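To keep things clear, I will list the structure first and then write my remarks on it.
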Amino acid sequence: MTKAHDWAGLRQGFELTRERTIRGRTTVETVYGITSLGTETADAHRLLERTRGHWGIENGLHYKRDVTLGEDRSRVRTGSAPQVMAAMRNSVIHLLNDGVGETLAAAIRTMTNCLAKALTLLGLPQLE
């Protein structure tokens, strides 16, 4: 007996098998997903596109957070500090990706070397 009726809005489930080769070693992984999209809106091809799109965004954000902003190296682990730091990283990504016109790393270097630009970006008055 299926429990599908317990999931409000559930329209379909899917199985996705991923195969990747890194340095000559191939791994295969099977994952499962559910969606509120019906087959008339999202056939197998469309579900694959949406899944790839999601992971493209996720991987890009992970790179920015971990590689550029050093999230995984952070030693902040107790109290509310991890959440505060995550919010700060999100703010940096948002501020520097919207209109600076550079990669995140280049924008950070620019703001580090030019306090006036950083203050302007934050809408703060210039120091005299």
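Want the number for E102 to V67: 0.36 nm per residue separation, take away the alpha-carbon distance, what's left?
11.0 nm
Can you give the Kirkwood hydrodynamic radius of segment 61-109 from its Cα pairs, in Å with one decimal?
11.3
Considering the dipole of segment 1-51 built from charges on the beta carbon (Lys and Arg +1, Asp and Glu -1) around the Cα centre, which of L16, V28, T51 is farthest to its positive end?
V28
Between the DSSP loop rule and a limit of at most 12 other Cβ atoms within 10 Å, which GluC sites (Glu not before Pro) in segment 7-100 are left?
For GluC sites (Glu not before Pro) across segment 7-100 that sit outside H, G, I, E and B with at most 12 neighbouring Cβ atoms in 10 Å, the list reads E40.
Take the alpha-carbon centre of segment 53-127, take the same for segment 14-47, and report the distance between them in whole Å.
31
Can you pull the Kirkwood radius for the chain, inverse mean 1/r over Cα pairs, to one decimal in Å?
18.9
Give, rounded to the nearest 20 debye, the magnitude of the charge dipole that the chain has about its Cα centre when Lys and Arg contribute +1 at Cβ and Asp and Glu contribute -1 at Cβ.
420
Select from segment 1-73 those trypsin sites (Lys or Arg not before Pro) which occupy a DSSP coil region and have at most 13 other Cβ atoms within 10 Å, ordered by residue number.
Sites meeting the loop and neighbour criteria: K3, R23.
Under 14 Å from a label point 7 Å along Cα→Cβ of R109: give me every residue in segment 56-100 with its amide N that close.
Flagged as within label range: 68.
Rule-based calculations on the coordinates, nothing more; no lab input. Computed from a prediction, not measured in an experiment: that's the story for all the values here. Neighbour counts run over all protein chains shown; Cβ positions are idealised from the backbone, glycine included.
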